[in-house]
1. Give the order of B:His403, A:His84 when sorted by the count of other beta carbons within 10 angstrom, beginning with the fewest.
2. Relative contact order of the stretch A:64-161, please, whole-number percent, based on alpha carbon pairs below 8 angstrom and at least 6 residues apart.
3. Tabulate in residue order the Karplus-calculated ³J(HN,Hα) for the stretch B:425-430, using 6.51 cos²θ - 1.76 cosθ + 1.60 with θ = phi - 60°, rounded to whole Hz; enter x for Gly and Pro.
4. Across the residues of A:227-237, average count of Cβ atoms on other protein chains within 10 Å?
5. Please give the peptides C:155-164, B:99-108, C:242-251 ranked by average Cβ packing (other Cβ atoms within 10 Å per residue), highest first, as a rough proxy for protection.
6. Pairing the Cα long axis of helix B:13-29 with the longest principal axis of chain B, what angle in degrees results, from 0 to 90 and rounded to the nearest 10?
7. Please compute the average number of Cβ atoms from other chains found within 10 Å of each residue's Cβ in peptide A:115-125.
8. What length, rounded to one decimal in nm, is gained on full extension from B:Asp391 through to B:Arg430, with 0.36 nm per residue of separation minus their alpha-carbon distance?
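Each value in this text was obtained by applying a stated rule to the coordinates, not by laboratory testing. Being a predicted model, the structure only gives us computed values, none of them experimental. FYI the Cβ positions are ideal-geometry reconstructions off the backbone, even for glycines, and counts take in every protein chain you see.
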Amino acid sequence: MGLDTFMFILVSGVLLGGLYALMATGLAVVWTTLGVFNFAHGAFVALGAYIAWQVTQLAAGGFGFVIASVLSVVVMFGLGFVLHFALIKPFERNANVVLLAVISTLAAASIIENSILLGWGPRDKQITPPIESRVDVFGASINAFDFVILAIALLALFAMALFLRKTTIGRTLRAAAQNREAAELMGLNVPMLFAITLGLSAASAALAGIFVGSIRFINPSFGADPLMKSLVVVILGGVARFSSPIYAAFVVGIAESFSAYFLGLYWSPAVLFAMMIAVLLIKPEGLFGHRSKTL
Amino acid sequence: MKYAPPFQRTNGFLPVLLVFAVLLLLPFVVTETYARHTLILIFIYAVLASNWDISLGYGGIVNFAHLGFFAIGLYSYAILGKVVGIDPWLALLLTPLPAVLFAALLALPVLRLEGIYVILVTIAATQLLQQVVVSQSTYTGGTSGMVLLPRLTVGDYKLSSDNRIGYYYLGLGLLTASTFFLYKLERSAMGRAIKALRDNKYYAISRGVSEARTRLLTLSLSAIFPAFAGGFYGAYLRVASPDVFGLGFLTITLSVLLLGGVATIWGSLIAASVVVGLSQLLADYGAWRNIAIACVIIGVVVVYPGGLFAALQELWNGFDRLKTNLLASYRRRTSAPLRARAMGTADQLIETSHGQVSVCDTQVGEQAILFIHGNSSCKEVFRNQFHALRDQYRLVAFDLPGHGVSPNADPENDYNLAAYAQIARDLVDRLKLGNPIVFGWSLGGYVALEYAAAGNPARAVAISGTSPVRTFPDDMPRGYIPSPHMELAGKRFHSPHEKTQYATHTVGLPKHSEPLLWQAVWRTDGMARKQAFAKLQTTDWQRQMGVIRDGNVPFVMINGPRDPFINHDFCARPEFGTEFAEKPILIDTAGHAPFLELSDVFNVQFLNFIRAVEGRG
Amino acid sequence: MNTPLLELRNLSGGYPPVSVFRDVSLTVHEHENVGFFGPNGHGKTTLLKTVAGLLDPWDGGVYFAGQRLNAEGAMPARTSQNLNYDLFRKRRIRAQDVVDAGLIYVMQGNLLFPEMTVEEVLDIAPRAARGRPGVREMRAQIHELFPRLRERWQSKIRYLSGGERQMVSIAVGLMAMPRLLMLDEPTLGLSPKLRIELSEAVRKIRDTGVPLIIVDQNVEFLTSLVDRLILFDHGSITREISAQNMPDHAQLMEMMFGEAH
């Protein structure tokens, strides 16, 4: 294996890591705040990609891509916001909320996936990337757009972290996540804050979906894979800090990239899931942090 | 002590027998292949979902690898039958082995984790399994799966012949066996250990339930029948594909479980028919079908999280309340002469602050005696006193709400000791009973004490078949002898057998000698039974003890030595003694209702007490 | 002095289907401090949580400064055990409305937000008092009241001791600019030294003119602070004692439990 191959694998691993970070953070934020796992997260990724694809069909080029991204992110924020009231809020005072939310989000995923099938058909599609040029990194020829994706993904995560830490509304979001009753006693509208959280998560999923859709083919059921990968990332990293799943995402991305090269496509997911079970057995709180959930 | 009657003596026996008979005969009516195919799928989903309840419902282990058991069953059948080439029946029989092995392996991480982590590790395990299956394409056919699996035959007869009649009965047999297994498991010591570990882990462990062993067995036991179902599925459809790992299959099975209601065996059977039936009905609509099913799932889960079985039970509850109320109003009109003959006086409905009650009042006499009957009984239980004492005292007895010929009342507000005591107070005011002597039997004994404790006018209080309670619930096991009949007292629905048991033990008389009392057990609103016991904890027991302790109201206990419920040693404790009787007065050989069984002896003792009270001034 | 500030009219409530307190009527006037005393597990905290809007009252009314905070009429009975009533029925009282009206409840043993720093918590606390004057002054006052917190400004709540957490809880309540502050067992489980420190702070708060409702098990602490003592037993008010006849611990015990306590 030459340096060019190594660099190629490494860079594509880092790129994957960036995408996984975006997806997994969305999932982790919902888990830590609402206390449930959102099994429709993969479907959010898929729907975000399809909305963006539709817009790029109407307005091509770099400008179209930007419009498509913004529109898709905004629409998905709204959808996430609304879905909180349909899927999770009804059980907020039910002791079985975790299980009930699993089934309601699974059903929502089924609705979204089948709606995509109805609206756009089963055939593979791809969003035309706005930048086609390639750059040379230590002999490996890599799409320039990949670096743009990585940069934007990291920027988006950074912005989200800043929003949660420094702005008052971000802080109230964290407060509602950490102690619901105390937040209510401060006069905060907790259901609204939870809805915003799910909206943010859906928006980040949409952004990830757009990027995935512009480097790979998409079809109505492609959300299952991002969902599973996000799960692996969240478990591996834990949710002790906002940044924990991000580190884990890069570990997973690079590990996947290398294992795909050395072990083949079929075995690389098996390696990931075996890693996940091992981590759950040895350090259930994740590789990066103590046993607590927070933002 | 747990009351668990054999299945043929419970209320569920007849409906289940009926459904089984219908399913047994259904193929003679439903001959079309597609309809039978749908029924076979329903059986498979019902087996899958109801066995999931062992881990998810009863065990509280949110095991998302359950469909992995099914997949292992399917692939073991396929590999054993096609690649290894053994007899298909033997292959089917062997399917649980690898599945149980997988379950046991799964128990290792599950034991170490809790809550949402269990969901995640089991999902990961299933995904890992899928990857293994997909990557070993030499044996498993990879992503495209395996086709033309060996079919099941009996001699030369193929089970798929005659529109799949053989598979239909095999599927039904599987479902029956699985349901029988679940029913037995739930009622076994193992089943109780599984539930105990779910409800209060540390308490269960401290009582000697081994967590590791129980969890391991929970998962292993839940793997047996899904594996059979997987093998059966493979033999029936003759296809094994990795689709069984998909989210779609998971969603349908989980929705069968949740729509039916978690921790109910029968719920899965009902929900499987609804979900699979709907899905087969809409089979031609493709994506729309999936959307419709998902909408139904969300709708039911959001609006009625209890599930279909709970809905059925609530309907049955409503029906039962309606039935008992109609029975009461029917009897009020038709059996009035019979009741008047028994009591020597006709009864009338009187409005109180807790609904209408039927009251029998002899009206003549200076001193009034108010009689309060017990759980699932009626005022006619005091008929011997009404005949013997009516010349000397004014006698009043009433049917508690939901009992006898009183109408049913609001379960939340009217079926508790405080409400019953308030009814007694209302009657004292309405009928101008002055300062009555109050006699309470069994549950009525607590009503009498509560009446006095609330500061209502009472010249004296006597109770029978009741153990005083100092602290609740600690004194319940001390004051009463644990027996299955105690459990019946607070049970909402009684099967005919249970009603007979309860009636003969409380009244202590053979079946046809006391028709009115016999009917009363049948008539009693199940909610009254349930609520009166459920709300015992809201009673101020200290205040009741104050009545006995302070001695301002003369008090005595009159019991039957053969009473099967109360603990006589407990009742004889010195702290319950009064100046009238240091220990409870015992009536010869009487049982739980001495005033009815040996009324002559009882009346003498009761009058002695009253005279002593009157003598005191 | 005699305008009613908080008024409870025949308030009943609990955790359905278990009724915890029944027919509680109480009037707290402007500039009046009221103490609650009663055995544990008899509904004091449930009552305060209901008034604060965390639990739905079953019946009766909560009035604050002349304004009704809860929905009219009794809570309709639940006829089905499994139907999701949260979906069909609106909350009968909203914590937000209660807080906006200026009625602030400081929970007992509150963990607050374990992963946030004291500074962050106090930053979001005045959200409830938007537009009300004096928020800045209040922050300064908190520095004065709880000097101990000043050195812990950047610590996460998780790392604070129980007493310090209690101080932050009270500070959060104060930042909402309360017209009436309800303190639920502020000295519960504290060391004697911290207890004294906290009692002093509560006294200072009272002296600044914020009316208080205090629940506590420490009779001396309670009687030294309040104008009126309310005995709460078995889910209802059993007796009210005015400032002139404040009892000591032994007298109080006898009042509550009779001779046989």
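1. On the way: B:His403 29, A:His84 25.
Ascending number of Cβ neighbours within 10 Å: A:His84, B:His403.
2. Working: 32 pairs, mean separation 14.7, N = 98.
About 15 percent, as a whole number.
3. After applying 6.51 cos²θ - 1.76 cosθ + 1.60, I find 4, 4, 5, 4, 6, 5 Hz.
4. On the way: counts 2, 5, 0, 0, 5, 4, 0, 1, 5, 0, 0.
Neighbouring Cβ atoms belonging to other protein chains average 2 per residue here.
5. Details: C:155-164: 16.7, B:99-108: 19.8, C:242-251: 11.4.
Output ranking for C:155-164, B:99-108, C:242-251: B:99-108, C:155-164, C:242-251.
6. 30 degrees
7. Details: counts 5, 1, 5, 5, 1, 0, 0, 1, 0, 0, 0.
Mean shielding count: 2.
8. Working: separation 39, 0.36 × 39 = 14.04 nm, distance 2.21 nm.
Using 0.36 nm per residue and subtracting the Cα-Cα distance, I get 11.8 nm.
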